[in-house]
1. Taking the stretch 32-228 on its own, what percent of its Cα-Cα pair distances exceed 31 Å?
2. Taking the mean number of other Cβ atoms within 10 Å as a proxy for protection, how do you rank 156-162, 193-199, 221-227 from highest to lowest?
3. Can you give the extra length, in nm with one decimal, that the chain gains between residue 182 and residue 43 once fully stretched, where that is 0.36 nm per residue apart less the Cα-Cα distance?
4. Report the Cα centroid-to-centroid distance between the stretch 37-51 and the stretch 141-192 in angstrom, as an integer.
5. So for the stretch 32-228, taking the charge dipole from beta-carbon charges (+1 Lys/Arg, -1 Asp/Glu), which of 106, 164, 132 sits furthest toward the positive end?
6. Let me have the relative contact order for the stretch 115-229, percent, based on Cα pairs under 8 Å that are six or more residues apart.
Amino acid sequence: MKTILLATAFILAPIGMACAADITEASPVSGYDWSGLYAGVDVGYVAGKSNLFIAAGGIGGATDLNSTLDPDGFIGGVHIGFNQQMANRFVLGAEADIAYNNVDGLTNFGGSALIKSEIKWSGSARLRAGYAFDRTLPFITAGVAAAKYEATLITATPTGDIVIHDEGYVGWTVGAGVEQAFTDRWIARVEYRYTDFGSKGLSLAEGLATVTNVDLKTHDVRVGLSYKF
């Protein structure tokens, strides 16, 4: 009888160990928690699309004038936000950012002059949603965006250059990206964002009986580093 019991125990022992291992592997492991306040810095590249339109009878003569202004360049700024991770691994949050822009362009205007276009600064306030794979967080984001956009007529005369457009823009932005928490506190990110700032009337043409507008859209790619408090 003892021999049978010992043999049975010997046979069942590996099976029990295998079952225990399966249970351990199936048990959820508490991973990285994305909840909390964070702040950081980011840098990136911006490609802008902009068009200056002046209707017939306005500045530029008797025919409609369309001039493409496509500023591009680099940006750098700061961001701050808050995340809340749910039990199902979804992460919801809000974030705000502001950036200094070295984003400008030079285009021919009317065949005889040059216009320098420049995005002076930009910023946004957005909601975010993502799904956590432990320390990796793919996310989408959307919200409101603002920028200061300036256009200057390069005269090359003693009177100096003329600022023809200097306006604040407010529009919308959407994007997506991924973050990686490589320590419990430090988080790296890469992000793409599309922003439509809408259009504004040409500043120099205010009060004139003609239709003018300057629109602005941007595509930007950013990388950043955040500290989670």
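1. 31 percent
2. On the way: 156-162: 9.6, 193-199: 18.6, 221-227: 16.9.
Top of the packing list down: 193-199, 221-227, 156-162.
3. Stretched fully, the residue 182-residue 43 segment lengthens by 48.1 nm.
4. 6 Å
5. Farthest towards the positive pole: 132.
6. Relative contact order, the stretch 115-229: 21 percent.
Values in this text are rule-based calculations from the coordinates and carry no lab data. This is a predicted model, so every value here is computed, not measured. Cβ: placed from backbone, ideal geometry, glycine included. Neighbour counts: every protein chain shown.
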